Amino acid sequence: PCIVDADTGFGEPMNVARTVQELENAGLAGCHIEDQVNPKRCGHLDGKAVVGLDTATQRIRAAADARRDENFLIMARTDIRATDTGPAGLQAAAERARALVEAGADAIFPEAMGTLEEFQAIRDAVDVPVLANMTEFGKSRLFTAAELESVGINIVIYPVTLLRIAMGAAERTLEAIAAHGTQEGQVEEMLTRSRLYELVDYEAYNRFDTSVFNFQVPGRY
């Protein structure tokens, strides 16, 4: 199953409804819709603002009403915690989570929680699955899956992890080429040719055309 970030639903309630149906048409299993104002900001940046409770619940109600597949997951994300890092902000986040569930949310995504205790507060506030966003360089420490499970978190996402790892390696390799005139020193860190062919099942194409896979992969690669 695959869920997608639908931001704020890309507009007014009518747009939210259209978004949900377009995602259903694309074969997605669900989406999360947040309560930031438009234009929105990254959930782990400062200076965020959220819409009022009526608008936030209106978005989720529109999403839930628009879906045609009852199994399509409507997850509500709230960014309200980042707008007030004190006890009142956490309480407001818990109260909003409850209201979003009442509006039709099947799961809750509390963004920018700082501690396990904050995740626990959201967990205690609702009786639907709760998601944790373990993005690097954000507001949350990178808790282990076991730590999150210990406070009742049901779902964990690592939304930019692979991109950051890949781009970090790409940058280091380009720097090595610029400095040494060769990528030789980076080869041991690379995905080998043989592993790539294994991952994409390259040899299976031989069933259709022997000219595609008609060789032995060198041992080093």
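The values are calculated or read from the model by the stated rules, or taken from the named source; none is laboratory data. Computed from a predicted model, the values in this text were never measured in an experiment. Neighbour counts are summed over all protein chains in view; Cβ atoms, including those assigned to glycine, are modelled from backbone coordinates with ideal geometry. Side chains included, ligands, DNA and RNA excluded: accessible areas come from the protein's heavy atoms. Shrake-Rupley method; radii C 1.70, N 1.55, O 1.52, S 1.80 Å.
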Residues of the range 126-138 that turn out to be more than 15 Å from His32 (Cα to Cα), touching a helix residue (DSSP H, G or I) at 6+ places or on another chain (Cβ under 7 Å) and either crowded, with 19+ Cβ neighbours inside 10 Å or not assigned by the TED database to the domain that holds Ala82 (or both), as a count: 1
Neighbours by Cβ (under 6 Å, 6+ apart or cross-chain): first from the range 1-29, within 15 Å of Ile60 (Cβ to Cβ); second among the basic types (Lys, Arg): Asp7/Lys40; Thr8/Lys40; Gly9/Arg59; Val16/Arg59; Val20/Arg67
For the range 108-124, name all the residues that are in contact with a strand residue (DSSP E or B) (Cβ under 8 Å, 6 or more places away or on another chain) and without any contact (Cβ under 8 Å) to a residue 60 or more places away in the chain. Ile108, Pro110, Met113, Glu118, Phe119, Ile122, Arg123
Report every pair of residues separated by at least 6 positions or lying on different chains whose Cβ atoms are under 7 Å apart, first residue within the range 192-221 and at negative phi, second modelled with pLDDT of 75 or more and part of a loop (DSSP other than H, G, I, E, B). Tyr221/Thr192
Restricting to the range 79-101, and then to whatever is more than 16 Å from Pro129 (Cα to Cα) and among the β-branched types (Val, Ile, Thr), can you tell me which residue is most open to solvent (accessible area, probe 1.4 Å)? Thr85
Positions within the range 15-59 being hydrophobic (A, V, I, L, M, F, W, C), at pLDDT 95 or above and exposed (fewer than 14 other Cβ atoms within 10 Å of the Cβ), in sequence order: Ala26
Can you find a residue that is in contact with a helix residue (DSSP H, G or I) (Cβ under 9 Å, 6 or more places away or on another chain), without any contact (Cβ under 8 Å) to a residue 60 or more places away in the chain, closer than 27 Å to Gly11 by Cα and not basic (Lys, Arg) anywhere in the range 139-149? no
Within the range 69-78, count every residue that is surrounded by 15 or more Cβ atoms within 10 Å (Cβ to Cβ) and charged (D, E, K, R). 1
Do you know which of the residues in the range 112-158 that are part of a loop (DSSP other than H, G, I, E, B) and acidic (Asp, Glu) is farthest from Glu95 (Cα to Cα)? Glu136
From the options Val51, Val16, residue that is more than 20 Å from the chain's Cα centre (by Cα) and in the same structural domain as Ala97 (by the TED database): Val51
Kindly list the number of the only condition in (1) assigned to a loop (DSSP other than H, G, I, E, B); (2) more than 27 Å from Gly30 (Cβ to Cβ) that fails for Glu175. (1)
Members of the range 102-114 found to be under 20 Å from the mean Cα position of the chain (by Cα), at pLDDT 95 or above and either surrounded by fewer than 21 Cβ atoms within 10 Å (Cβ to Cβ) or among the basic types (Lys, Arg) (or both), listed by number: Asp106
Being within 19 Å of Ala26 (Cα to Cα) and touching a residue at least 24 places away in the same chain (Cβ under 8 Å) is the filter here, so list the residues in the range 63-102 that pass it. Ala63, Ala64, Asp65, Ala66, Arg67, Arg68, Asp69, Asn71, Phe72, Leu73, Ile74, Met75
Given the structure, is Ala145 aliphatic (A, V, I, L, M) and in contact with a strand residue (DSSP E or B) (Cβ under 7 Å, 6 or more places away or on another chain)? yes
Contact list please: Cβ distance under 8 Å, first residue in the range 153-181 and open to solvent by 70 Å² or more (accessible area, probe 1.4 Å), second residue of a type in the set (D, E, K, R), pairs at least six apart or on different chains. Pro159/Asp5; Arg164/Glu136
